[in-house]
1. Of everything in segment 153-203 that's of a type in the set (Lys, Arg) and in contact (Cβ under 8 Å) with a residue 12 or more places away in the chain, which residue is nearest to GLN91 (Cα to Cα)?
2. Could you check, for segment 347-358, whether at least one of its residues is within 30 Å of ARG211 (Cα to Cα), crowded, with 20+ Cβ neighbours inside 10 Å and either in contact (Cβ under 8 Å) with a residue 60 or more places away in the chain or touching a Leu at 6+ places or on another chain (Cβ under 7 Å) (or both)?
3. So which of ILE217, ILE222 is farther than 30 Å from ASP424 by Cβ, out of contact with any Ser or Thr (no Cβ under 9 Å at 6 or more places or on another chain), surrounded by fewer than 17 Cβ atoms within 10 Å (Cβ to Cβ) and at pLDDT 95 or above?
4. With the structure loaded, tell me whether LYS274 is of a type in the set (Lys, Arg), closer than 24 Å to SER429 by Cα and surrounded by 13 or more Cβ atoms within 10 Å (Cβ to Cβ) or whether it fails that test.
5. For segment 18-48, what are the residues that are touching a residue at least 60 places away in the same chain (Cβ under 8 Å) and among the aromatic types (Phe, Trp, Tyr)?
6. If a residue counts only when it is touching a strand residue (DSSP E or B) at 6+ places or on another chain (Cβ under 7 Å) and over 30 Å from ALA264 (Cβ atoms), which strands (runs of 3 or more DSSP E) contained entirely in segment 110-207 have at least 1 such residues?
7. Which of the residues spanning segment 283-296 are surrounded by 13 or more Cβ atoms within 10 Å (Cβ to Cβ), part of a loop (DSSP other than H, G, I, E, B) and either touching a Ser or Thr at 6+ places or on another chain (Cβ under 8 Å) or without any contact (Cβ under 8 Å) to a residue 40 or more places away in the chain (or both)?
8. Scan segment 157-166 and give yes if some residue there is modelled with pLDDT of 95 or more and in contact with a Phe, Trp or Tyr (Cβ under 6 Å, 6 or more places away or on another chain), otherwise no.
Amino acid sequence: MKQITDYLETNKQKFIKELIEYLRFPSVSAQSKHKKDMQNCAQWLANHGKSIGLKTKVHKTLGHPIVTLKTKRKRNGNKPHFLVYGHYDVQPPEPLELWNSPPFDPEIRKRNLFARGASDNKGQHFAHLKAVEAYLKTNTELPCDLTFLIEGEEEVGGEALVSFLNQNKRELKCEGVVVSDTGMPDLKHPALTYALRGVAALEVRLDGPDRDLHSGIYGGSIENPAIALSKLLAQMIDKKGRITIPGFYEDVIKLSAYERKQMARVPFSEGNYKKLLGVKSLFGEKGFTPNEHRAARPTFEINGLTSGYQGEGSKTIVPSYASAKITMRLVPNQNAAKILRMAAQHLKRLCPETMRIKVELGHVADPYIVSPKGRLAKAALKSLKAAFGHEPVLLREGGSIPIVEHFARILKVDTYLLGLALPDDNLHSPNEKMDLEVFTRGIKMSTHLWKDFAEA
């Protein structure tokens, strides 16, 4: 490994410059004005992969392109094959006025690289690409075959990649998938994320009168839809912080003592957490810690409320309707489609006779879990420790990565989540950044990973 270590040290600044070049593309999948930028970014990635010795291809889809980058495989080779997933599309940068530097003009301040996509997700998957480069450029044989699968629709929930997996599942057959699209608490606590929450979304609307009414003339004789909806939604969570949907918890697997012990190793300061989030106090289901609340327990969240007049000044009306956008985060063993149906039925039962209710079911993603004690999980933990010099922690992640469930269903393999984001990396927010020390150590981790995976 000395050749590889020397190459990494010699080329540290080159890697950062290349990442900066990658980040300059405004590859915003949600905005049609950036369609050409998406194509240019995909082509740049393919060209870059080719320059370091990979076989690359840009695949056209009904949406944005998918890029594959493959190590050259021997016809009769018997090396294990692994898949590395990432996405080159990024969130919209708005509001632009809150950025301290232009979002697509990367800037280094102290040891942080600021740009949209720096952490989510260009910097994270680029670290794996640089690790492979170190093998290829030093003529060191890779102990496994690798395929990079980099999509352009992760931030918009596109279906192009699912179709691609179904069409190419024989070619993509592998022993496991590596994804770096999660995080770690800090440099002293590198992390393997072994579980993800799922999500179930819906919209609920209550209709009262057939039009907005004068509140002075009609107010008091009819129920206000905004108040009716507020009362209805307030019934969805009880005083103990538990969700009241009948049967909601019946499939939830109790956290083991081992899992709770591992989660307790994750550094946590309530004061710092409140400061980070800008809140006076925390809230959550009784009997669980804040870390367990946000990663290992299901939730019911109102994402948006709409009713009545929203313009400047006053307009004295009883609104004709009120609506809410809702998502529920789900934990392993809960079925998203089942939960969605149960939630819709419960909302309808709670609807007062004064209102007409409409529930529109939205997107779903099932939760995911992999054994943290499996051979490849143990190999990943070994690689993290070698790169960061500290014992890794095991995490459950509160967010959802729907493609992970598709890897399990279509390719029949587990996914290993080795996140390189820090809590203050401002993912989806202004001033997104990547810690360059994490980036450098992430490359080192990846060079160890393929050896450790192959030997597992």
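The values are calculated or read from the model by the stated rules, or taken from the named source; none is laboratory data. Just so you know, these numbers come straight off a predicted model, no measurement behind them. Cβ atoms come from the backbone with ideal geometry, glycine included; neighbour counts cover every protein chain shown.
1. ARG197
2. Checked against the condition, which is being within 30 Å of ARG211 (Cα to Cα), crowded, with 20+ Cβ neighbours inside 10 Å and either in contact (Cβ under 8 Å) with a residue 60 or more places away in the chain or touching a Leu at 6+ places or on another chain (Cβ under 7 Å) (or both), segment 347-358 yields at least one hit.
3. The unique qualifying residue is ILE217.
4. Yes.
5. TYR22, PHE25
6. 112-114, 145-151, 198-207
7. Across segment 283-296, the qualifying residues are PHE288, THR289.
8. No, because not a single residue in segment 157-166 is modelled with pLDDT of 95 or more and in contact with a Phe, Trp or Tyr (Cβ under 6 Å, 6 or more places away or on another chain).
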